[in-house]
Amino acid sequence: MNYLIRTIARETVDPVQIIDITDEVRQTAAACGFEKGQITLVTQHTTAFININEQEPKLVEDMVTFLKRLVPKDGEYLHNIAPIDGRDNAHSHLMGLFMNSTETIPFESGKLLLGEWQSIFLVELDGPRPRRKVLMHILGV
């Protein structure tokens, strides 16, 4: 087994934003030089997450609406009394309780072994941000 580490970096423009990163992950699997293996995606943030779901524009809108309704920004949150970075973002951290900071996806012959309707999303919960990073740890033979 060998491994590589790569990074996807994205700017986000909306407070809650769902960004499809499937193509970048596919390109990495195809170019890594391994016949088979797995890619583990890790967000390096506490208010941005990885999710696998369906990429359909109305569904993506529904997801954003659902998250905003689930944990409203204007709630009375203790974290907002003295935020570390000056951002009233307790709601972002609380939304994150329902998400993963990592996902592992197998690949073979340079192709991700995702289901027909599956896409990989970077989910921003505290935007806009100038730079969000997803670490890709590729393990393979």
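Read-outs throughout are calculated quantities, based only on the coordinates presented, and are distinct from any laboratory measurement. Keep in mind the model is a prediction, meaning the values are calculated, not measured. Virtual Cβ from ideal backbone geometry, glycine too; neighbours counted across all protein chains shown.
Just to be sure I understand: with springs between alpha-carbon atoms less than 10 Å apart, which residue in F107, F66, F121 has the highest mean-square fluctuation in the Gaussian network model of the chain?
So, out of F107, F66, F121, the one fluctuating most is F66.
Along segment 83-95, what does the Karplus equation 6.51 cos²θ - 1.76 cosθ + 1.60 (θ = phi - 60°) give for ³J(HN,Hα), rounded to whole Hz, x for Gly and Pro?
With the stated coefficients, segment 83-95 comes to x, 4, 10, x, 9, 7, 10, 4, 4, 5, 5, 5, 4 Hz.
If you wrap the chain's Cα atoms in a convex hull and average its projection over all directions, what's the area in nm²?
8.7
Of L114, L41, L125, which has the largest mean-square fluctuation in a 10 Å C-alpha GNM of the chain?
L114
Any chance you could give the angle, 0 to 90 degrees and rounded to 10, that helix 57-70 forms with the longest Cα principal axis of the chain?
That works out to roughly 40 degrees.
Select from segment 11-99 those GluC sites (Glu not before Pro) which occupy a DSSP coil region and have at most 15 other Cβ atoms within 10 Å, ordered by residue number.
Loop-located and lightly packed - E35, E76.
What is segment 37-117 by shape, rounded, prolate or oblate, if you read a ≥ b ≥ c off the alpha carbon gyration tensor as root eigenvalues and call it rounded for a/c under 1.5, prolate for a/b larger than b/c, and oblate otherwise?
The shape class here is oblate.
Using a Gaussian network model of the chain whose springs link C-alpha atoms within less than 10 Å, name the residue from D74, D85, D126 with the highest mean-square fluctuation.
For the chain, modelled as a Gaussian network with Cα springs under 10 Å, the answer is D85.
M99 versus A30, label points 7 Å from Cα toward the beta carbon: distance in nm?
That separation, rounded to one decimal, is 2.7 nm.
In degrees, nearest 10, range 0 to 90: what is the angle between the Cα axis of helix 22-31 and the longest Cα principal axis of the chain?
Helix 22-31 sits at roughly 30 degrees to that axis.
Just grab the label-to-label distance for D88 and D20, each label 7 Å out from Cα along the Cβ direction, in nm (one decimal).
3.5
Roughly how many nanometres apart are two label points built 7 Å out from the Cα toward the Cβ at K111 and E11?
Using points 7 Å along Cα→Cβ, the separation is 3.6 nm.
With +1 on the Cβ of every Lys and Arg and -1 on the Cβ of every Asp and Glu, and nothing else charged, how large is the dipole of the chain about its Cα centre, in debye rounded to the nearest 20?
In debye, rounded to 20, the chain gives about 360.
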